[in-house]
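Participant: Here it is: the structure, laid out below.
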Amino acid sequence: MDVMQKFKNEFFEERKDLLSKNHVYRNHINKFVNYLSLPDVQLSNAPARININIVEECIRYYHNKGELNSRSTMESQLESVKSFYDYLSETGKATDIFSDYNYSKFKDDIVDKYSLLEPVERGSYKCEDIKTILMELDKAIDNFQNKSAGIREEERHLQRIILRLFIKLTLIAPAKRGVITSIKNQILQKIIKNCL
């Protein structure tokens, strides 16, 4: 097992509380250690050779893959790696590679260098507008339900119910598409199990 892989596993074991509150840390640290293991990088057995430039190259790598496109994702990645290096420094496994740098300037330089998107405030609807949209949606779906839809009536009815739920979720509790899609898939699986 690679040295950095071993350190990562020890970090995950010893910092369970931190990782249980912030699941994103685990993902970003895994990505960082995986990057160190790439054939072009090969630093997973050389923790003393890892420095702030390697961290920036890791960010560039994931940016080029399309997995890191915003300032908030980059900051989350850096905070995760910084936390990992705080642990490595505290336990004497490696020096803190962030201690000699102006962390805020480092982040700003990366944003500029890779043209990362700044956070954008999401729009919101007034409660009355949401109620109106939901009532009109229900009316439209109920009116469509009364019309003949052919052979696959039950399937279409289930699809309309799922669509209705999906739209309501996105209006009432806006979240990332992946979260809503996951909820949608779980609900669909339950419906299918109940029908069988």
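The values are calculated or read from the model by the stated rules, or taken from the named source; none is laboratory data. Keep in mind that what you see is a predicted model, and the values were worked out from it rather than measured. Positions of Cβ are backbone-derived with ideal geometry, glycine not excepted, and every protein chain shown enters the neighbour counts. Calculation scope for accessible area: heavy atoms of the full protein, side chains included, ligands and nucleic acids excluded. Shrake-Rupley method; radii C 1.70, N 1.55, O 1.52, S 1.80 Å.
Participant: D112: net charge of surrounding residues, Cβ under 15 Å, Lys/Arg +1, Asp/Glu -1, itself excluded? If you can, show how the numbers build up before the last one.
Facilitator: Working: positive: R60, R71, K105, K107, K113; negative: E56, E75, D108, D109, E118.
Overall, the nearby charge balance is 0.
Participant: Can you list residues whose amide H is under 5 Å from S70's amide H, if they're 5+ apart or on another chain and H is modeled 1.01 Å from N?
Facilitator: So S70 has HN proximity to L117.
Participant: A follow-up question, please. Taking the Cα centroid of the stretch 17-38 and of the stretch 56-81, what is the distance between the two, rounded to the nearest whole Å?
Facilitator: Taking the Cα centre of the stretch 56-81 as reference, the centre of the stretch 17-38 is 12 Å away.
Participant: Over all directions, what mean area does the Cα convex hull of the stretch 1-72 project, stated in square nanometres? Working shown, then result.
Facilitator: Values: hull surface 21.3 nm².
The directionally averaged projection comes out at 5.3 nm².
Participant: Just to make sure I understand: if all protein chains stay in place, what is the order of H23, H28, H157 by accessible area at 1.4 Å, largest first?
Facilitator: Values: H23 135, H28 15, H157 55 Å².
The ranking, largest first, comes out as H23, H157, H28.
Participant: Quick one: Kirkwood hydrodynamic radius for the stretch 38-142, alpha-carbon pairs, angstrom, one decimal?
Facilitator: Numbers: mean 1/r = 0.0593 Å⁻¹.
One over the average 1/r among Cα pairs gives 16.9 Å for the stretch 38-142.
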